[in-house]
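Here's the structure, in structure tokens; my notes come after.
The values are calculated or read from the model by the stated rules, or taken from the named source; none is laboratory data. All values reported here derive from a predicted model rather than from experimental measurement. A quick note on method: Cβ atoms are made from the backbone with ideal geometry, for glycine too, and the neighbour counts reach across all protein chains shown. Surface accessibility is based on the protein's heavy atoms, side chains included, excluding ligands, DNA and RNA. Shrake-Rupley method; radii C 1.70, N 1.55, O 1.52, S 1.80 Å.
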Amino acid sequence: MPRLCSTSLIRIAILIILISCILLYHYSDSTSLNESLRSIQDPVVRFLDYNEYVKQEKLSSSDFVVDTRVLLAYIHRQCELHEQPLSYDKTRKAMPDAITIHIPEYNIVYVSNPKTGSTSFKKFVLRLQGDMTPYEEMEHVHRGQKDKYQVINKYSKNMTINDIVDKEMYVVGFIRNPITRLISGFRNKVLRTEGGEYNKKIYQILPETATDIERFKVFLELVTSGVISDHHFTPQWKKMRVCSFPYSLLGQTETTRDSIETMMRETGIVGVEFPGSRSERGEDSRSTLDEVGDFMNPLSSDEIDSIYEFYKMDFEILGYTKLDNPMFPYIDLNQSF
């Protein structure tokens, strides 16, 4: 009996040695054994098909619209938890840190938040102002804005929050899931702008033969470390002044069509078509949502956590979902942080 036990122990020892050799051989060309074991212990959160929840429940994006009154009540509770002021100062200094446009024909104030459909909305504003140029021929809508629109915060000193409230102006702004907004910005400012300033920063670190994913990883580091501080990528909650600015409609980019229909109904806009997104216009074969998995799956847990930390207040104050929430990329007011 002791001899049998001894033989078994020898066999187990030999098996352990063989497994160790296989692991060392397998990982010798790519990463250290410690890193490999860490990746097993600390797995990356894998992105599930963003439409899986919708398909399972047979829902459409319209089923995820959050009414502005409900959303603002949630936002104000979160702002209080984070000790952010809810009352607004009736002076210009409390205006959003974003281009804000007055549309007097319909008593509308639009707060422009980059990468939430602002290009389409500004084309819509031009149409409301009487510009009948076909949408596909409208160019450079973000240039020379004080000449194109009645901008009321960045260039003009003739309007305050007090004016907006007293005249019962309809204030509309859009927000977006921080993850899809970040990827949209990367596609726009890096992938579609090869000679742009951000690629120059990236190519100081990577060769120009780098893959899109390699560039995204460096881009992510530059954004979350503050090297890139462009308003296309900065957190939304603060620049939009969601805690205190008197919004009538806080639309979600994920359900843009529903929000636009609400705004048109409540402001009396009739017979004006809203321009579609790049994917709706056929300019992109895949939407940003279609590519979330492509960009997020290769990231390490630390890299994903850096996104969550950088946009912490956008997630917690606006109620947006992270990758492991089955309601991603929509708002979930019942989640806990």
task: Might you check whether a residue that is in contact with a Phe, Trp or Tyr (Cβ under 7 Å, 6 or more places away or on another chain) and assigned to a loop (DSSP other than H, G, I, E, B) occurs anywhere in segment 301-314?
output: no
field: Cβ pairs under 6 Å, 6+ apart, first in segment 207-226 and touching a residue at least 60 places away in the same chain (Cβ under 8 Å), second assigned to a loop (DSSP other than H, G, I, E, B) and surrounded by fewer than 18 Cβ atoms within 10 Å (Cβ to Cβ)
entry: Ile213/Pro298
query: Give me the pairs: first residue in segment 320-331 and free of Cβ contacts under 8 Å to residues at least 24 places away in the same chain and closer than 12 Å to Tyr308 by Cβ, second residue part of a loop (DSSP other than H, G, I, E, B) and open to solvent by less than 10 Å² (accessible area, probe 1.4 Å), beta-carbon distance under 8 Å, and six or more apart or on different chains, which are they?
result: none
- prompt: Residue check: is Arg286 open to solvent by 40 Å² or more (accessible area, probe 1.4 Å), part of a loop (DSSP other than H, G, I, E, B) and out of contact with any Cys (no Cβ under 9 Å at 6 or more places or on another chain)?
  reply: yes
message: The conditions are (1) closer than 16 Å to Tyr110 by Cβ; (2) in contact with a Phe, Trp or Tyr (Cβ under 8 Å, 6 or more places away or on another chain); (3) open to solvent by 20 Å² or more (accessible area, probe 1.4 Å), and Lys167 fails exactly one of them. Which is it?
response: (2)
message: Cβ contacts < 6 Å: first residue β-branched (Val, Ile, Thr), restricted to segment 69-83; second residue surrounded by 20 or more Cβ atoms within 10 Å (Cβ to Cβ) and assigned to a helix (DSSP H, G or I), any location; separation 6+ or different chain. Result?
response: Ile75/Ile317
message: Just the residues that are open to solvent by 20 Å² or more (accessible area, probe 1.4 Å), within 16 Å of the chain's Cα centre (by Cα) and among the β-branched types (Val, Ile, Thr), please, taken from segment 190-243.
response: Thr224, Thr234
- request: Report the residue count in segment 62-89 for those that are polar (S, T, N, Q) and surrounded by 12 or more Cβ atoms within 10 Å (Cβ to Cβ).
  value: 3
query: Exactly one of (1) under 29 Å from Tyr106 (Cβ atoms); (2) surrounded by 14 or more Cβ atoms within 10 Å (Cβ to Cβ) is unmet by Glu273. Its number?
result: (2)
task: Kindly list, by first and then second residue, each pair from a residue in segment 108-119 that is of a type in the set (Asp, Glu) to a residue that is open to solvent by 10 Å² or more (accessible area, probe 1.4 Å) and in a strand (DSSP E or B), limited to pairs with Cβ atoms under 6 Å and residues at least 6 apart or on different chains.
output: none
